[in-house]
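Asker: Here it is: the structure, laid out below.
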Amino acid sequence: MEERIKALRKQLHEHNHAYYVLDQPSISDYEFDMLLRELIALEKAHPALYDPNSPSIRVGGAVTKKFPTIVHDHPMYSLDNAYSFSELQDWETRILKGLTDVPISYSCELKYDGASISLSYEDGVLVRAVTRGDGVQGDEVTQNVKTIPTVPLKLRAGFAKRFDIRGEIILPIAGFEAMNDARRAKGEPPYMNPRNTASGSLKLQDSSIVAQRPLQCFLYQIITDEPIFNSQIESLQAAIQWGFHVPKHFTHANNLSEVLAFIEHWDKNRNDLPYEIDG
């Protein structure tokens, strides 16, 4: 029986990754639900085989009365803003003053409008999820984050032994609108915006309610005690290989002119994205 439970867990982790991260479902929703139902029944019958990162955790059910405050191993700094191309040029000039004949290139990424989160992994297993808070410490919301299907509970291969990865919990526009349609139908006031709704979802006491919300997690920064990547682009590519949901809209820019082209493109096309950005 233990082998069957392990096999089901492995299958469901793989199917979950294929569906939510790769957008390439390998089985039907019905087949997935039948496998999950079998796993839940077997786990209920054999509680000694409990696994805190089983795919069955996705359905929620844990109730958290108080969210502990956790100090981040590495501070979560906020981003500086630039409102013109000349500000970017001035910034680059300041950087170059501190370097000697070092070629500079850039990683261009979108700034997702969601709730910042830090995920900690040890030996390829998710052990903790903490909100940004004040940047030095935040609230532990692990049980709620485990219900988000784009957060891997167990990584695939090649990962660092211990690391944090930063990202944003976001609520896609279509899911947000569907939630508000349901609220209006019940005579309830609609939520104000996707970002605040995503942030508020992380502090709900009942994780089964969080599981019903179409939240996604976009990851973009790997943090380790010792550097293991030569560039941000390299780290994003590694995150994808490890099983994380990294949005595809990132690119390498050789100079500020290419950075500006990226900015201008998304300034014109931001409304084509299925989620909101704020930079």
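Asker: Between a first residue in the stretch 254-276 that is touching a residue at least 24 places away in the same chain (Cβ under 8 Å) and a second residue that is part of a helix (DSSP H, G or I) and among the small types (Gly, Ala, Ser), which pairs have beta carbons less than 7 Å apart while being 6 or more apart in sequence or on different chains?
Answerer: Short answer, once both residue conditions are applied: PRO274/ALA174.
Asker: Among the residues of the stretch 141-156 satisfying the criterion of being open to solvent by less than 50 Å² (accessible area, probe 1.4 Å) and outside any loop (DSSP other than H, G, I, E, B), which is farthest from GLY60 (Cα to Cα)? It would help to see each step written out before you state the result.
Answerer: Taking the stretch 141-156 and keeping what is open to solvent by less than 50 Å² (accessible area, probe 1.4 Å), we get 141-142, 144-153, 155.
Going one step further and asking which of them are outside any loop (DSSP other than H, G, I, E, B), we end up with 142, 144-145.
Working: THR142: 11, ASN144: 7, VAL145: 10 Å.
Here the residue is THR142.
Asker: OK, next. How many residues does the stretch 34-44 hold that are free of Cβ contacts under 8 Å to residues at least 40 places away in the same chain and either loosely packed, with under 11 Cβ neighbours inside 10 Å or hydrophobic (A, V, I, L, M, F, W, C) (or both)?
Answerer: Initial filter on the stretch 34-44 (free of Cβ contacts under 8 Å to residues at least 40 places away in the same chain): 34-41, 43-44.
Cutting the leftovers down to either loosely packed, with under 11 Cβ neighbours inside 10 Å or hydrophobic (A, V, I, L, M, F, W, C) (or both) gives us 34-36, 39-41, 44.
Matching residues across the stretch 34-44 total 7.
Asker: Oh, and also: What are the residues in the stretch 1-31 that are open to solvent by less than 50 Å² (accessible area, probe 1.4 Å) and in contact with a helix residue (DSSP H, G or I) (Cβ under 9 Å, 6 or more places away or on another chain), if any?
Answerer: ILE5, LEU8, ARG9, LEU12, HIS13, HIS15, ASN16, VAL21, ILE27
Asker: Every residue in the stretch 167-194 that is part of a helix (DSSP H, G or I) and buried (at least 20 other Cβ atoms within 10 Å of the Cβ), please. So that I can check it myself, show each step before the final result.
Answerer: Taking the stretch 167-194 and keeping what is part of a helix (DSSP H, G or I), we get 173-185, 194.
Of everything in the stretch 167-194, those that are part of a helix (DSSP H, G or I) and buried (at least 20 other Cβ atoms within 10 Å of the Cβ) turn out to be PHE176, PRO194.
Asker: Okay, next question. For PHE159, are the conditions met, namely being surrounded by 14 or more Cβ atoms within 10 Å (Cβ to Cβ), farther than 19 Å from LEU215 by Cα and out of contact with any His (no Cβ under 6 Å at 6 or more places or on another chain)?
Answerer: Answer is yes for this residue.
Asker: Now for a different question. Please work out which residue is surrounded by the fewest Cβ atoms within 10 Å (Cβ to Cβ), limiting yourself to the stretch 221-251 and to residues that are of a type in the set (Ser, Thr, Tyr) and at pLDDT 95 or above.
Answerer: THR251
Asker: Report the residue count in the stretch 90-110 for those that are touching a residue at least 12 places away in the same chain (Cβ under 8 Å) and surrounded by fewer than 13 Cβ atoms within 10 Å (Cβ to Cβ). Don't jump to the end; show me each part of the working.
Answerer: Narrowing the stretch 90-110 to residues touching a residue at least 12 places away in the same chain (Cβ under 8 Å): 92, 104-110.
Filter again for surrounded by fewer than 13 Cβ atoms within 10 Å (Cβ to Cβ), leaving 104.
Qualifying residue count, the stretch 90-110: 1.
Asker: Oh, and also: Among all residue pairs at least 6 apart or on different chains, which show Cβ distances below 7 Å where the first residue, located in the stretch 118-138, is more than 21 Å from LEU153 (Cβ to Cβ) and the second is outside any strand (DSSP E or B)?
Answerer: ARG132/MET76; GLY135/PRO75; GLY135/MET76; GLY135/TYR77; GLY135/SER78; VAL136/HIS72; VAL136/PRO75; GLN137/HIS72
Asker: Right, something else. Within the stretch 114-121, is there a residue that is touching a His at 6+ places or on another chain (Cβ under 9 Å) and of a type in the set (Gly, Ala, Ser)?
Answerer: Yes, the conditions are met somewhere in the stretch 114-121.
The values are calculated or read from the model by the stated rules, or taken from the named source; none is laboratory data. These numbers come from a predicted model, not from an experiment. Note: ideal-geometry Cβ built from the backbone for every residue, glycine included; neighbour counts use all protein chains shown. These accessible areas exclude ligands, DNA and RNA; they are computed on the full protein's heavy atoms, side chains included. Shrake-Rupley method; radii C 1.70, N 1.55, O 1.52, S 1.80 Å.
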